[in-house]
Amino acid sequence: MKPLLTLATLLALPLFTGCTTDDVIAATRGPLVAPAIADARRASPSALERSLHRRVDEYRTSRGLPPLAFNSKMTELAREHSRDMARRGRIDHQGYNTRIAALRNSGAASTATENVAHTRGAPDVTRSMLQYWINSPPHRSNMTRAEDRKSGVGFAQGSDGSWYATQLFGN
C-alpha cells in the first residue's frame with residue numbers, strides 16, 4: 001500500500017505571498033540518510049521534529065548550503081501552529097503574519113518563510129514530507145534560501161492519527 005500524503009502547502013515568500021496547493025506530488029525515490037521512525041503511529045512529535053530537521057539539513061548540505069541551527073523560538077511557534085492545525089483537522093498558514101511578527105519582536109529572525117505538511121498512512125512520515133517539499137519548487141525554495149541560518153520544526157498528531165508539521169526558516 002502506498003503512503004497517502006493528503007496535502008502540503010506553504011506560504012513561501014517572505015512576508016505576504018502564498019503558493020497554490022495544486023503542486024504535483026511525486027513518488028518518494030531514493031534513500032535519504034536520516035533514520036526512519038520505526039512506527040509513525042507511535043512516534044513522538046519531538047522524534048519526528050529531529051528527523052525532519054536532520055533531513056532538511058542533509059538536503060541543504062547536498063546543495064552546498066550550510067545546515068540550519070536549531071532555534072527554540074521558531075520551534076515553539078512551529079509546534080503551536082502544528083497543534084492548532086491538528087486540533088482543527090485542517091492544514092493552512094493561519095496566523096503566519098503573527099508568527100513572523102513574534103520572530104521579529106523576539107529577535108529570533110528578521111525574515112522567515114514557512115512550510116507546512118500533513119500526512120496520514122506514510123510509513124516514513126518525515127521522508128514523505130521532505131520528498132514532497134523537494135518536488136515542489138516553492139517549498140524547495142524555502143528550504144534552500146542561502147540567507148537562512150536557523151530553523152524550527154513542530155509536529156502534532158491529529159485525532160485520526162495523521163501528522164501535521166510546520167517548519168520555519170529564517171535568518
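The values are calculated or read from the model by the stated rules, or taken from the named source; none is laboratory data. This structure is a prediction, so every number in the text was calculated from the model and none was measured. Cβ sites come from the backbone with ideal geometry, for glycine too, and all protein chains shown count toward neighbours. The accessibility values were calculated without ligands, DNA or RNA, using every heavy atom of the protein model including side chains. Shrake-Rupley method; radii C 1.70, N 1.55, O 1.52, S 1.80 Å.
Points to keep in mind about this one:
- Surface per residue (accessible, 1.4 Å probe) for segment 112-153, Å²: 26 Å²
- DSSP-assigned coil residues among trypsin sites (Lys or Arg not before Pro) in segment 83-171, each with at most 13 further Cβ atoms within 10 Å: R90
- Of the whole protein surface, H81 contributes about 10 Å² of accessible area at a 1.4 Å probe radius.
- Ranked packing of 53-66, 106-119, most packed first, by mean Cβ within 10 Å: 106-119, 53-66
- Solvent-accessible surface (1.4 Å probe) assigned to F169 amounts to roughly 0 Å².
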